[in-house]
Every structure is written in structure tokens, then in C-alpha cells.
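Visitor: Dumping the structure here so I can ask a few things about it.
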Amino acid sequence: MNITVKIGNAGFQNPVTVASGTFGHSEKYYNLQEVKKLGAIIPKTVTLKAQEGNPPPRIAETPSGMLNAIGLENPGADRFIEDKLPALKKIGVPLVISILGHTDEEFRILAEKFNAVGGISALELNLSCPNLGKKVLVAQDPEATCRVVRLVKDISKYPVIAKLSPNVTDIVTIAKTAEEAGADALSLINTFSGMVIDIKTRKSVLGNVTGGLSGPAIRPMAVYMVYKTAKEVKIPIIAMGGIMTAEDALQYIIAGATMVAVGTANFINPQAPLDVLNGIKAYMKKNKIEDIKEIIGNILT
Amino acid sequence: MKKLQDTYNVVSNEQLCAKFYRLCIDAKPVALAARPGQFIHIRVRNSLEPFFRRPFSIYRAKRHVEILYEVIGTGTQVLASKKKGDILDVLGPVGTPFCLPPKGIKHVVMIAGGVGAAPFLFLSDVLKERRYQMTLLYGGRTKGHVFNMEEFKKNGCKIFTSTDDGSVGVKGRVAVLFSKIDPDPGKTFIYTCGPRPMMASVQDFAREHELQGQASCEEVMACGLGACLGCSIKTAKGYKTVCGDGPAFDLHELIFES
Ligand SMILES: Cc1cc2nc3c(=O)[nH]c(=O)nc-3n(C[C@H](O)[C@H](O)[C@H](O)COP(=O)(O)OP(=O)(O)OC[C@H]3O[C@@H](n4cnc5c(N)ncnc54)[C@H](O)[C@@H]3O)c2cc1C
Ligand SMILES: Cc1cc2nc3c(=O)[nH]c(=O)nc-3n(C[C@H](O)[C@H](O)[C@H](O)COP(=O)(O)O)c2cc1C
Ligand code: FES
């Protein structure tokens with residue numbers, strides 16, 4: 001059975017990865033043999049300077065999902081490279097580093113910093129974080145998407161993945177823009193903007209007022225976006241949004257995703273990424289599928 | 001290696017008073033690893049509703065693991081329906097436990113509001129071994145929030161109780177019991193757990209008398225493993241996660257805002 005996949009020139013032993021911002025617990029929870037089974041690891045987004053994150057409360061439970069406004073808390077690129085990257089590299093699983101610049105210049109510096117450290121399989125550009133109080137995200141603006149992707153692509157020695165926001169009128173337009181600008185792959189999708197109000201206090205339950213919705217609640221919308229986009233672009237898609245089980249992941253693969261990322265599910269069932277991987281293999285065996293590529297985008301209509 | 005998450009059988013689940021229940025789980029590996037102040041993160045049932053796991057302080061860790069809980073919403077309602085032999089998905093023990101008092105201190109005062117008493121039975125089990133004198137100041141809303149504290153007594157705790165409505169013990173918030181504390185910083189150390197305004201009043205009292213202490217905090221949690229950075233609270237040293245840096249914090253490090 002062949003479950004290896006490729007993004008640009010980077011190869012992965014299987015299509016299962018973890019979504020940025022949802023997998024900070026590998027040393028605490030996993031033993032090395034287990035975590036080595038993942039296709040790739042995508043750590044939390046790194047910004048140029050350290051960010052302390054948003055005021056609490058930062059999360060809320062919602063029907064079949066959650067709302068978060070973490071605010072990209074991270075130690076900044078230099079400390080990430082010094083303190084966190086060595087342990088991540090030691091795991092021995094391909095690393096996809098998620099970066100976010102608040103300006104074009106910051107994206108350029110970040111790309112250069114990661115060029116210099118080596119040992120990374122790809123860069124994921126977080127163009128879609130809805131939590132920084134800006135009116136328009138890069139991923140909501142085709143021109144800005146094109147500019148940032150091209151800028152990083154020009155200097156990066158790694159494949160470049162554009163992570164898009166679902167908070168747009170037509171995700172296919174943005175996806176095509178990113179492809180034309182040179183993106184090697186797309187990550188679909190980041191969280192949907194949302195909010196929950198406490199009627200007793202008449203305040204939002206989140207310190208940041210608004211947040212991003214994730215989990216099974218968003219899955220059908222995300223599957224739809226992957227399906228629509230996959231028909232229109234040639235580059236591979238890393239799909240995410242409410243994947244809890246292999247059945248969920250297979251929907252995305254059939255809709256056209258080359259890789260799948262487990263996000264929020266890590267918080268409910270830390271075993272989820274491995275369950276998803278085992279379930280995909282079991283499905284292929286049962287259905288006599290020799291190569292995962294046979295089912296990628298192979299939806300019957 | 002022991003798995004941090006596993007399924008275990010319910011041994012018993014009994015109602016202690018109108019509001020509180022006590023659940024006993026046959027989770028020996030968790031009991032062996034646990035330290036006072038840590039918690040377990042329970043998936044109350046295998047469904048999307050409720051979606052998150054639910055965190056509970058470890059009330060006791062002997063042969064089994066026990067929690068003391070109040071029914072307030074769906075998650076705790078589901079817990080209350082568990083019967084002997086039912087299977088429960090438990091992650092833990094997790095979190096930073098309480099520190100012991102500094103050398104020289106003989107007397108600890110535990111100040112609890114409602115189910116905030118939960119981490120203190122386990123703490124008193126450990127402190128008893130080390131021959132500390134212990135006092136428990138317990139504040140409940142009404143008599144429905146007051147349960148039998150025989151086991152605290154057995155551990156040698158002196159107990160004082162208050163209720164908001166005066167139905168049991170002294171009338172008023174737990175602060176009415178602060179007069180029971182020997183406010184000598186060389187002798188007394190404080191542990192507290194309960195609603196934020198209560199812990200803020202404990203912090204004020206401790207500051208005034210220069211007493212050292214620890215507080216066990218709560219915040220909504222998703223992962224319980226330090227992964228999502230969702231349970232952060234404000235401290236004098238910046239944001240810290242309740243599930244990883246806490247639940248036990250230095251009392252004076254916390255910033256309580258109204
Ligand atoms: C580290 C830690 C240890 C805890 N230990 C214990 C324990 O030992 N015993 C115990 O009974 N509880 C404990 N809790 C609180 C417990 O986790 C919640 O009561 C429980 O998650 C509620 O779930 P639910 O589905 O029943 O209620 P939900 O439906 O989630 O909530 C019902 C209502 O209560 C409010 N609420 C929810 N959680 C809290 C909270 N933590 N504080 C105040 N209001 C809240 C909600 O906003 C909502 O209005 C602990 C919490 C933490 C973070
Ligand atoms: C708590 C939390 C933190 C997240 N942090 C990031 C982040 O730092 N960078 C990013 O690109 N996406 C972040 N995301 C979005 C996820 O990577 C993912 O795109 C989204 O949650 C949808 O997948 P899911 O439903 O499986 O979680 C975060 C999501 C959650 C729930
Ligand atoms: S609950 Fe996820 S970091 Fe604490």
C-alpha cells in the first residue's frame with residue numbers, strides 16, 4: 001500500500017499532519033515511536049517578535065466545536081529557533097513551519113531566518129489569522145495574497161504553502177491567486193469568524209470579543225471549500241476543519257485533499273491523528289486501494 | 001510507559017449533599033502518579049455534546065482516584081448519571097501540583113469556597129504525613145453546599161464553616177472566618193481554592209499580613225495539556241496556562257480583576 005504524498009519537492013510518509021496551533025503537547029503526551037508515525041508536524045504560527053496573546057477568556061465551547069482567540073501567543077522567531085526547533089527536529093518527522101508577518105518585510109525576514117536554519121520541509125504562510133484586530137486579512141485580499149506569496153516564494157528554499165481563510169466571498173478566487181503567485185500548496189482552512197454572547201452579562205464570552213470557530217461544526221463548510229477549490233487548482237491541498245476520525249479525513253481526500261490536518265480534535269482525543277492514520281489505512285485495505293492517489297479528488301458524481 | 005489517557009471503570013458515584021457528588025474511579029496508574037493540586041481531564045461521554053473534556057481536581061488518590069464535584073451543567077449532569085462499572089475516558093494526572101510550605105512553617109490554613117475544597121483532602125493526606133497542623137476554612141453558599149467533612153477531621157484538620165445565608169456555621173462569606181488564622185508569616189502558610197472574588201479576598205488578607213500561600217485556579221479548558229494556550233490567566237509574570245503552569249500558583253503572583 002502506498003500512502004506517501006508530495007508537496008513541491010518535499011515527500012511525506014503519509015498524508016496525516018496536525019493543524020498549526022493545536023499540537024503543542026507532543027513531549028507531554030506521546031512517546032517518540034508514536035509521534036514518529038505522523039506524516040508531518042505543523043507547530044503553532046511563529047511571528048517575528050514575541051506575542052503575548054489575547055486577554056482571557058480565550059476559548060469557549062460551542063455546539064460541536066470551539067471558539068478561540070488565542071492571539072498568536074508565541075515566543076517570536078529567534079526564541080522559537082533557539083528553544084523549540086531543536087526538540088521538534090529531533091522527533092524526525094518533517095516539519096512545516098507556519099509563519100505570519102504583520103508586514104511584507106516581516107514575512108521576508110521570517111523566510112530568511114528559516115532559510116538559514118535548515119532542516120525544514122516547507123513553510124506555511126498564515127495569511128488568515130482573524131485575531132489581530134485588522135479590518136482585512138491578507139487572505140481576504142487577492143492583491144495582498146499575490147504579493148506575499150510571490151515575495152516569500154522568491155526567496156524561500158522550501159516549498160511554500162498558503163493557508164487561506166474561509167472568511168471570504170469566494171475562496172476559489174483567492175486560491176487561484178495564490179497558485180498563480182507560485183504557491184506550492186494550499187492549506188484550507190483557518191477558522192471561521194464567530195462569537196458567543198453571555199446574555200447574563202451582555203458581554204462576549206471572549207476577552208477579545210470575537211474569535212475563530214473550529215471543530216466538527218465547520219466540517220461540511222470546509223469540505224465544500226476543498227471540493228470547490230480542488231477542481232480549480234492543480235497544486236495539492238492540505239485540508240482541515242473538524243477532522244475527528246478517519247471517516248472525516250477521507251471525505252476531504254475524496255473531495256481533493258492530498259494531506260489532512262487534525263486540529264481541534266487533538267484537544268478532545270490526543271490520540272486522534274494516529275487514529276485517523278490507522279483508519280485511512282484500514283479503509284484502503286478494505287476497499288483494495290493500492291495507492292492513496294487513487295482516491296484523492298476521485299469523487300463520483 | 002504509562003499512557004496519559006486511558007479508560008477506567010467507575011467504582012462508585014455517590015451524592016454527598018444536595019449539591020455535591022463524589023465519584024470514585026478505578027484508575028490506579030493515575031492515583032500512583034498523582035500529586036495534590038493536580039487534576040484529571042474527563043471526557044464525560046463519547047459524543048460531541050458536551051464537546052470539551054471537563055477538568056476536576058483530584059480529591060483523593062489512594063487505591064482509586066476520586067473527585068468531588070458540583071452539578072452545574074450538561075457535563076456534570078452526565079457525570080452524575082454514571083454508575084458502578086461504567087467506563088470513563090480520563091486524561092491525567094495533569095497540571096502543576098501544590099508546593100509544600102517553606103521550611104519552618106508548621107501550620108497551614110486551607111481556605112475553600114464550595115467545590116474549591118476538592119484539592120484539599122488529598123493535600124491534607126500528604127501534609128498529615130509531614131505532621132503539619134491544619135485548619136480548613138470552608139465557605140458554602142447554603143447548607144446544600146455543606147458536606148460531611150469527616151475525612152478532613154480524620155486527617156487532623158480543624159474545620160470552620162460559613163454559609164452565605166447562615167444555614168450552617170457562621171453567616172457570611174468565608175472571609176468572616178479569617179479571624180481564625182494566626183497571621184504570623186513565620187508560622188502560617190495559606191492554600192486557597194474557590195471563586196475568584198473569594199480568592200481575591202484571601203490574597204488581600206495574605207498581603208496585609210505578609211503571609212505566603214498558594215492558590216488553585218480555574219479557567220475554561222480545551223486540551224488540558226498546554227497545547228492550545230486557551231486557559232491562560234493573567235499573572236504578575238505575564239499570561240500563564242492554568243493546565244500546565246497551574247492550577248497551583250503562588251498566591252501573590254495572581255492578578256484578580258473584578
Ligand atoms: C483545574 C480545574 C479544576 C476543577 N476542579 C473541580 C472540582 O474538583 N470539582 C468541581 O465540581 N468542579 C471543578 N472544576 C470546574 C469544573 O470543571 C466545571 O464545573 C465543569 O467543567 C462544568 O461543566 P458542565 O458541563 O457541567 O457545565 P457547563 O455547561 O460547562 O457550564 C454551566 C455554567 O457554569 C459556568 N461554568 C462552567 N465552568 C465553570 C467554572 N469553572 N467556574 C465557574 N463557572 C463555570 C458556565 O459558564 C455555564 O454558565 C475545575 C475546573 C478547573 C479548571
Ligand atoms: C486553539 C487554536 C489555535 C490555533 N492557532 C493557529 C495558529 O497559530 N496558526 C494557524 O494558522 N492556525 C491556527 N489555528 C487554526 C487551525 O490550525 C485550523 O486551521 C482550524 O482550527 C480548523 O481545523 P480544526 O477544525 O480541525 O481545528 C488554531 C486553531 C485553534 C482551535
Ligand atoms: S487547556 Fe489548552 S493550554 Fe490549557
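The values are calculated or read from the model by the stated rules, or taken from the named source; none is laboratory data. Since the model is a prediction, treat every value here as computed from it, not as a measurement. All Cβ positions, glycine included, derive from the backbone under ideal geometry; neighbour counts span all protein chains shown. Keep in mind that these areas ignore ligands, DNA and RNA; they rest on the heavy atoms of the full protein, side chains included. Shrake-Rupley method; radii C 1.70, N 1.55, O 1.52, S 1.80 Å.
Visitor: Number of Lys-Lys pairs in region A:128-248 under 20 Å by Cα, sequence gap 8 or more or different chains?
Guide: The result is 12.
Visitor: What is the ratio of the Cα radius of gyration of chain B to 2.2 N^0.38 Å, with N the residue count, to two decimals?
Guide: Cα-based Rg divided by the globular estimate yields 0.96.
Visitor: Using only alpha-carbon positions, what ratio does the radius of gyration of region A:52-139 give when scaled by 2.2 N^0.38 Å?
Guide: Computed over Cα atoms of region A:52-139, the ratio equals 1.24.
Visitor: Let me ask something additional. Tally the DSSP beta bridges in region B:107-253 and give the antiparallel ones as a percent, rounded to 5.
Guide: DSSP beta bridges in region B:107-253 are roughly 20 percent antiparallel.
Visitor: List the aspartates and glutamates whose Cα sits under 16 Å from the Cα of B:K240, skipping any in the same chain fewer than 8 residues away.
Guide: A:E52, A:E73, B:E218, B:E219, B:D250, B:E253, B:E257
Visitor: Still on this structure, please answer the following. Per DSSP H run of n ≥ 4, the term is -39500 (n - 2.57); total these for chain B, divide by its residue number, and report the mean residue ellipticity at 222 nm rounded to 500 deg cm²/dmol.
Guide: The helix-only estimate for chain B comes to -4500 deg cm²/dmol at 222 nm.
Visitor: Within a 10 angstrom radius of each residue's Cβ in A:59-67, how many Cβ atoms of other chains show up on average? Whole number is fine.
Guide: Mean partner shielding for this stretch: 5.
Visitor: What residues of region B:46-62 lose no less than 10 Å² of accessible area with every protein chain in place versus their chain by itself (probe 1.4 Å, heavy atoms only)?
Guide: SASA drop of 10 Å² or more in region B:46-62: B:L48, B:F51, B:F52, B:R53, B:R54.
Visitor: Which of B:A33, A:F80, A:I292 sits closest to the plus end of the dipole of the protein assembly as shown, meaning its Cα is farthest towards the positive end, when Lys and Arg get +1 and Asp and Glu get -1 on the C-beta?
Guide: B:A33
Visitor: Using the Cα centre of the protein assembly as shown as the reference point, and only Cβ charges (+1 on K/R, -1 on D/E), how large is the resulting charge dipole? Debye, rounded to the nearest 20.
Guide: Here the protein assembly as shown has a charge dipole of around 1280 debye.
Visitor: Considering all projection directions equally, how large on average is the shadow of the alpha-carbon convex hull of region B:4-94, in square nanometres?
Guide: Directional mean of the projected Cα hull area for region B:4-94 stands at 5.2 nm².
Visitor: Using a 1.4 angstrom probe with every protein chain in place, what is the largest-first accessible-area order of B:Y132, B:Y191?
Guide: Putting B:Y132, B:Y191 in descending order of accessible area: B:Y132, B:Y191.
Visitor: I'd like the mean, over residues of B:229-241, of how many other protein chain beta carbons sit within 10 Å of each residue's own Cβ.
Guide: 5
Visitor: Ok, one more. In region B:1-155, what is the count of Lys pairs whose alpha carbons are under 14 Å apart, counting only pairs at least 8 residues apart or on separate chains?
Guide: Taking the Cα cut-off of 14 Å, the pair count is 7.
Visitor: Percent antiparallel among DSSP beta bridges with both residues in the protein assembly as shown, to the nearest 5?
Guide: Roughly 50 percent of the DSSP beta bridges within the protein assembly as shown come out antiparallel.
Visitor: Taking the inverse of the average 1/r across all pairs of different Cα atoms in region B:107-253, what Kirkwood radius in Å do you get?
Guide: When all Cα pairs of region B:107-253 are included, the Kirkwood radius is 15.7 Å.
Visitor: Cα-based Rg of region A:1-56 per 2.2 N^0.38 Å, rounded to two decimals?
Guide: That ratio works out to 1.43.
Visitor: Evaluate Rg over Rh across region A:145-244, taking Cα atoms for both radii and Kirkwood's formula for Rh.
Guide: We get a ratio of 1.08 for region A:145-244.
Visitor: Per residue and in cubic angstrom, what volume does the convex hull of the Cα atoms of chain A have?
Guide: 127 Å³
Visitor: Rank by packing, highest mean first: peptides A:183-195, A:54-66, with packing defined as the count of other Cβ atoms within 10 Å averaged across residues.
Guide: A:183-195, A:54-66
Visitor: Can I ask one more? So for chain B, taking the charge dipole from beta-carbon charges (+1 Lys/Arg, -1 Asp/Glu), which of B:I111, B:V65, B:G224 sits furthest toward the positive end?
Guide: Sorting the options by dipole projection puts first B:V65.
Visitor: How would you classify region B:2-52 from its alpha-carbon gyration tensor, with a ≥ b ≥ c the square roots of the eigenvalues: rounded for a/c under 1.5, else prolate if a/b is greater than b/c, otherwise oblate?
Guide: Note, shape of region B:2-52 comes out oblate.
Visitor: Would you compute, from DSSP H runs of 4+ residues alone, the mean residue ellipticity of chain A at 222 nm, taking -39500 (n - 2.57) per run and dividing by the full residue count, rounded to the nearest 500?
Guide: My calculation for chain A gives -9000 deg cm²/dmol from helical runs alone.
Visitor: As a test of reading the structure, rank A:V136, B:V176 by solvent-accessible area (1.4 Å probe, protein chains only), most first.
Guide: Solvent-accessible surface, decreasing: A:V136, B:V176.
Visitor: Note every residue of region A:265-299 with a reduction of at least 40 square angstrom in accessible area, all protein chains present versus the isolated chain, computed with a 1.4 Å probe, or write none.
Guide: Residues losing area: A:F267, A:I268.
Visitor: For peptide B:213-225, compute the average count of partner chain beta-carbon atoms within 10 Å of each residue's beta-carbon.
Guide: That works out to 4 on average.
Visitor: Then there is this: Among A:G92, A:L151, A:A111, pick out the residue whose Cα is farthest towards the positive end of the charge dipole of chain A, where Lys and Arg carry +1 and Asp and Glu carry -1 on C-beta, about the Cα centre.
Guide: Of the listed residues, the answer is A:G92.
Visitor: Now a separate question. Scattering from the C-alpha atoms of the protein assembly as shown alone, worked out with Debye: what is log10 I(q)/I(0) at q = 0.05 1/Å?
Guide: Computed log10 I(q)/I(0) values: -0.23.
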